[in-house]
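Notes for the one structure printed next.
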Amino acid sequence: MQSQREKLAKPFAQVWTEADYRASAPAKLIVCGEHAVVYGQPAIAVALSDIRARSALSCGPRGSGPQIIAHDLQTVWNRETAADNPLLQLVERTLEQLEVAERDLEISFSSEIPIASGMGSGAAIATALVRVLAAYAGRELRAGEISAMVYASEQRFHGTPSGIDNTVVAYEQPIWYQRPPAQPDGTRPAPSIESLQISAPFSILIGDTGIRSATHRPVGAVRERWQKQPERYNRLFDQIGAISAQIRSCLASGDHKALGALLDANQKLLGQIGVSLPKLNQLVRAARNAGALGAKLSGAGWGGVMFALVTPESRDAVRQALLDAGAARVLETLVGVPS
Ligand code: PMV
């Protein structure tokens, strides 16, 4: 049996190959409607199937209990060292729910998704963990069941998550997501989730500001402002909701030019609710000046990523412009290709 230190020293690719069970989950990108979605407006999100978190499971030493080996962080979490770690708690709850008796397990994970940057890295890691445990238990979990388990874990990070992250990551397809706001007693009615038609796939470049931002900070700040000026903020959220409805039509008709203009309009409103940043604005402006059809931040803001809608003709110039404007990295992906 290898020690944890030996396990950590191995490249994750090798742990993955040697593992008894493997699972993964995609990154997500909110196309439009972030923040407004917390207040009951619709939002659109897509799964980015080529950018993933992966989890690998093997049996562990007798009596060890479940151990999570976080390769990217070079850390091990177990009952002794990190009993209140949210991912370890998710693993314990999932084992309970799956009625797994043999719990001496080593569960490694690694992720290609930039952390705390609006691409759903937390939800993807949690989903990959639940999926690998289900594989070990020999159980087929439905996307809705996985999503609910991950949501409970996300609540510990964000407080009042809309649920869009865990949903799009677990369903792994473009979604239209709407959920009535939380009730005064703190409960939230069930969301309405529709799978979305994208008639013509579109290319985007994702520009990472390199600034990490924990979701709960901008979400909390928006809540405070909304409490102080409910009418103003409700109006802004309504406008964002109306844009999401128009974007849905554009995705169905394949009108990329109109889509670009709507992304720009959504970005302007996100600026008005106070979640953009000079660095995000710089990247958005650089992309548009280099010929992108539209650009906006994605996710909670105050850092993280933006994306630009590009054509084959503008792609290279926009990538260069993003790098020149200080993007820490630029990822490229095609959205809307059936998986
Ligand atoms: O930054 P992310 O990927 O965690 O996205 C947050 C999206 C918000 O609408 C701002 C919050 C939410 O819970 O929907």
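A few notes on this one:
- Selection from segment 26-36 of residues that are under 20 Å from Ile146 (Cβ atoms) and either polar (S, T, N, Q) or in contact with a helix residue (DSSP H, G or I) (Cβ under 8 Å, 6 or more places away or on another chain) (or both): Pro26, Ala27, Lys28, Ile30
- Evaluation of Thr94 against (1) without any contact (Cβ under 8 Å) to a residue 60 or more places away in the chain; (2) open to solvent by less than 10 Å² (accessible area, probe 1.4 Å); (3) within 16 Å of the ligand (Cβ to nearest atom) (one fails), failing number: (3)
- Within segment 111-129, the residues that satisfy the criterion of being of a type in the set (Ser, Thr, Tyr) and away from the ligand (no atom under 13 Å from the Cβ) are Ser111, Thr127.
- Filtered by the rule that a residue be more than 12 Å from the ligand (Cβ to nearest atom), touching a residue at least 40 places away in the same chain (Cβ under 8 Å) and small (Gly, Ala, Ser), segment 139-179 gives Ala152, Ser153, Ala170.
- Single residue of segment 284-310 satisfying the filter (over 17 Å from Phe202 (Cβ atoms) and within 16 Å of the ligand (Cβ to nearest atom)) that is most open to solvent (accessible area, probe 1.4 Å): Trp302
- Among the conditions (1) under 19 Å from Cys32 (Cβ atoms); (2) in contact (Cβ under 8 Å) with a residue 40 or more places away in the chain, Gln267 misses just one, which is (2).
- Selected residue [among the β-branched types (Val, Ile, Thr) and under 16 Å from the mean Cα position of the chain (by Cα)] from Thr94, Thr75, Thr127: Thr127
Results for (1) free of Cβ contacts under 8 Å to residues at least 12 places away in the same chain; (2) of a type outside the set (Asp, Glu); (3) within 16 Å of the ligand (Cβ to nearest atom); (4) out of contact with any Leu (no Cβ under 6 Å at 6 or more places or on another chain), shown as yes or no for each residue.
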site	(1), (2), (3), (4)
Leu8	no, yes, no, yes
Thr17	yes, yes, no, yes
Ile44	no, yes, yes, yes
Ser58	no, yes, no, yes
Gly63	no, yes, no, yes
Ile68	no, yes, no, no
Thr81	yes, yes, no, yes
Asp84	yes, no, no, yes
Gln89	no, yes, no, yes
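- The lone exception for Arg188 - which of (1) over 20 Å from the mean Cα position of the chain (by Cα); (2) open to solvent by 60 Å² or more (accessible area, probe 1.4 Å); (3) within 16 Å of the ligand (Cβ to nearest atom); (4) not acidic (Asp, Glu) it fails: (2)
- Of the helices (runs of 4 or more DSSP H) that lie entirely inside segment 255-339, those containing 2 or more residues that are among the hydrophobic types (A, V, I, L, M, F, W, C) and within 25 Å of Ile198 (Cα to Cα) span 256-272, 278-289.
- The residue of segment 196-217 that is surrounded by the most Cβ atoms within 10 Å (Cβ to Cβ), among those that are of a type in the set (Gly, Ala, Ser) and not in a strand (DSSP E or B), is Ser213.
- Condition check for Ser244: in contact (Cβ under 8 Å) with a residue 40 or more places away in the chain, open to solvent by less than 20 Å² (accessible area, probe 1.4 Å) and among the hydroxyl-bearing types (Ser, Thr, Tyr): yes
- Boolean, Arg22 is touching a Lys or Arg at 6+ places or on another chain (Cβ under 9 Å), more than 16 Å from the ligand (Cβ to nearest atom), within 27 Å of Met306 (Cα to Cα) and not small (Gly, Ala, Ser): no
- Selection status of Ala182, crowded, with 18+ Cβ neighbours inside 10 Å, within 14 Å of the ligand (Cβ to nearest atom) and either closer than 30 Å to Ala290 by Cβ or hydrophobic (A, V, I, L, M, F, W, C) (or both): no
- Among the strands (runs of 3 or more DSSP E) confined to segment 1-78, the ones with at least 1 residues that are of a type outside the set (S, T, N, Q), under 26 Å from Arg223 (Cα atoms) and open to solvent by less than 10 Å² (accessible area, probe 1.4 Å) are located at 21-32, 43-59.
The values are calculated or read from the model by the stated rules, or taken from the named source; none is laboratory data. Note that the coordinates shown come from a computational prediction; the quantities given were computed from them, not determined experimentally. Virtual Cβ from ideal backbone geometry, glycine too; neighbours counted across all protein chains shown. What goes into the accessible areas is simple: the full protein's heavy atoms, side chains included, and nothing from ligands, DNA or RNA. Shrake-Rupley method; radii C 1.70, N 1.55, O 1.52, S 1.80 Å.
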